[in-house]
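First comes the structure, then the notes that go with it.
Throughout, read-outs are computed from the coordinates displayed, never taken from laboratory work. Computed from a prediction, not measured in an experiment: that's the story for all the values here. Every residue, glycine as well, gets a Cβ built from its backbone with ideal geometry; the counts of neighbours run over all protein chains shown.
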Ligand code: NDP
Ligand code: BG6
């Protein structure tokens, strides 16, 4: 990327050019984007805003129309008002926003009745493009209505002349069996190339960068294996609790909410072999292959936690998970988990992959950390610390390698320091797109690389289902940890036991402070 100031549209223009290469994407085609569940939270906070940003930046095909669909009696004006706080509209963009909403229509109807969907079909036919338009259906819906809605889309709403694509949001089931049932249902209705299963972590800049870092450089490849890597740690931390969303969360828990999808996706990109090409299926074949080498997680390799209030904390920090009025009083649902996985192949045998995730912790952070082994044959009297390569996904995207260097000046002793690629300073003028922007654009382009294939999903559930069932059957109690802490100390003990070494000696001096 250039260091010259680039406008957002220029950056996206470049991106679109890259994405459209080799793809059947015709700028002149008419597209209709249907938001199923247009009255809901996801639609309001994520889907409408994302469509607006893509539209505003001129990234969507010229003739794209948006149709909201839900049970409630709504108007476009009502949707616009509900979405407004999330649209981030600059004063100069008011006119463009009106053009965007002039492309929007809304239809209310049932999720289960075929007639309502026939009506939706007629409505889409009445839009420019008629039966030639390509159709995208975004399911921003609770899983309870997935079956009905997808069946009705298939039976009543498919374009006969254009293509049809269906975007599905997690949760994709609760365990292997329910996920397989959903997959069987979907595959009876649509072909795999019509189904786009979203894991929004695959749309994040640094998650996408993992492949380029690994396979576009010579320096990492030869040490990316069990000979040099002592341990891999994949982390997701949030500094807030469930905040009234506990009703949904309590049914799933942190393993289903974050670990089985976001963290495992990152793991597969870190651990997979080099694909034959960057085509969607070559990449996903490698991801499936590496997942197949992972044995189901055993409970003895897991620490579960649930946050309790901090009496000294401020505001929500005083509140325990169980104080959330939408959470059952006796809930044993984990809001924190650390699990150790092993990849049984020639590259990784014996290397622990530590997956850590939790809510109400001390900071917001998602990262991949490779900790390398000690240097054999030490000549520095034990003063060297292990190297680490950290890919920080958020906040403040960065790649840094913790390393030893000579203490500057009249010394000859090693000192901990880092090689540092901080995006905010290296790519000062580049605005990184939101994960949903990239992913929705990929659906228009027909690129499935950053979407979850059904066999990947099956493997992910195979790895976690026995553990999830055991936790439920044995009613395993999570360890309490304080809101705003690093989680239960037992989790650090587990990481230590499997080989992660924390010295507490590394001090970061931020040279980028503006
Ligand atoms: P640290 O040595 O502080 O932490 C390394 C790892 O040890 C982390 O995974 C951390 O987990 C874990 N850890 C922390 N405390 C304990 C403990 N008591 N027991 C066991 N494990 C522990 O190094 P970092 O790489 O995290 O760097 C320190 C700071 O410097 C960070 O805030 C980092 O973002 C910043 N930095 C920023 C850079 C940049 O912006 N370009 C470059 C280099 C550093 P946990 O995540 O839970 O704390
Ligand atoms: C979602 C989880 O998938 O990811 C949420 O359901 C979590 O619980 C969210 O808060 C985190 O996403 P991000 O992009 O804010 O890291």
Rounding to the nearest 10 and keeping the result within 0 to 90°, find how far the Cα-based axis of helix 205-215 lies from the longest principal axis of the chain. 60 degrees
Tell me the relative contact order for region 340-490 as a rounded percent, counting alpha carbon contacts under 8 Å between residues six or more apart. 17 percent
Less than 15 Å from a label point 7 Å out along the Cα-to-Cβ axis of residue 251: which backbone N atoms in region 476-493 qualify, by residue? none
Helix-derived mean residue ellipticity, 222 nm - over the chain, DSSP H n ≥ 4, -39500 (n - 2.57), to 500: -10000 deg cm²/dmol
Mind pulling the angle between the C-alpha long axis of helix 454-473 and the longest principal axis of the chain? Nearest 10 degrees, somewhere in 0 to 90. 70 degrees
How would region 370-514 be classified by its alpha-carbon gyration tensor: rounded, prolate or oblate, with rounded meaning a/c under 1.5 and the a/b versus b/c comparison settling the rest? oblate
Let me check against my output: what whole-number percent is the relative contact order of region 397-458, with C-alpha pairs under 8 Å and at least 6 apart? 25 percent
Which shape class applies to region 463-511: rounded if a/c is under 1.5, otherwise prolate when a/b exceeds b/c and oblate if not, where a ≥ b ≥ c are the square roots of the Cα gyration tensor eigenvalues? prolate
Rounded to 0.05, the calculated FRET efficiency for the beta carbons of residue 300 and residue 507 at R₀ = 35 Å is 0.50
With a Förster distance of 30 angstrom and the Cβ-Cβ distance between residue 81 and residue 431, calculated FRET efficiency to the nearest 0.05 equals 0.65
To check you understand DSSP bridge types, tell me what percent of the beta bridges within the chain (both residues inside) are antiparallel, rounded to 5. 55 percent
Counting other beta carbons within 10 Å of each Cβ, put 259, 410, 206 in order, fewest first. 410, 206, 259
In whole angstrom, how long is each semi-axis of the equivalent ellipsoid of region 284-364, when you take the square root of 5 times every eigenvalue of its Cα gyration tensor and sort them from largest down? 35, 13, 12
How far is helix 280-292 tilted, in degrees, relative to the longest principal axis of the Cα atoms in the chain, given as a value from 0 to 90 rounded to the nearest 10? 50 degrees
Across 5 Å bins beginning at 0, the whole-percent shares of Cα-Cα pair distances in region 159-289 come to 2, 8, 14, 19, 19, 15, 11, 9, 4, 1, 0
Label-point gap, in nm, between residue 279 and residue 374 - each point 7 angstrom along Cα→Cβ: 4.8 nm
Fewest to most Cβ atoms within 10 Å: 163, 53 sort as 163, 53
By its C-alpha gyration tensor, with a ≥ b ≥ c as the square roots of the eigenvalues, how is region 80-132 shaped: rounded for a/c under 1.5, else prolate for a/b larger than b/c, else oblate? oblate
Residue exposure sequence - 69, 48, 196 - by fewest surrounding Cβ within 10 Å: 196, 48, 69
How far apart, in nanometres, would the label points at residue 419 and residue 127 be if each is projected 7 angstrom from Cα along the Cα-to-Cβ direction? 4.9 nm
Sites residue 318 and residue 90 - FRET efficiency at Förster radius 35 Å, r taken between beta-carbons, to 0.05: 0.40
Could you give the radius of gyration (one decimal) and Dmax (whole number) of the Cα atoms in the chain, in Å? 24.1, 83
Length gained if residue 400 through residue 110 is fully extended, taking 0.36 nm per residue and subtracting the Cα-Cα distance, is 99.3 nm
Expressed as a rounded percentage, what relative contact order does the chain have, with Cα pairs under 8 Å and six or more residues apart? 18 percent
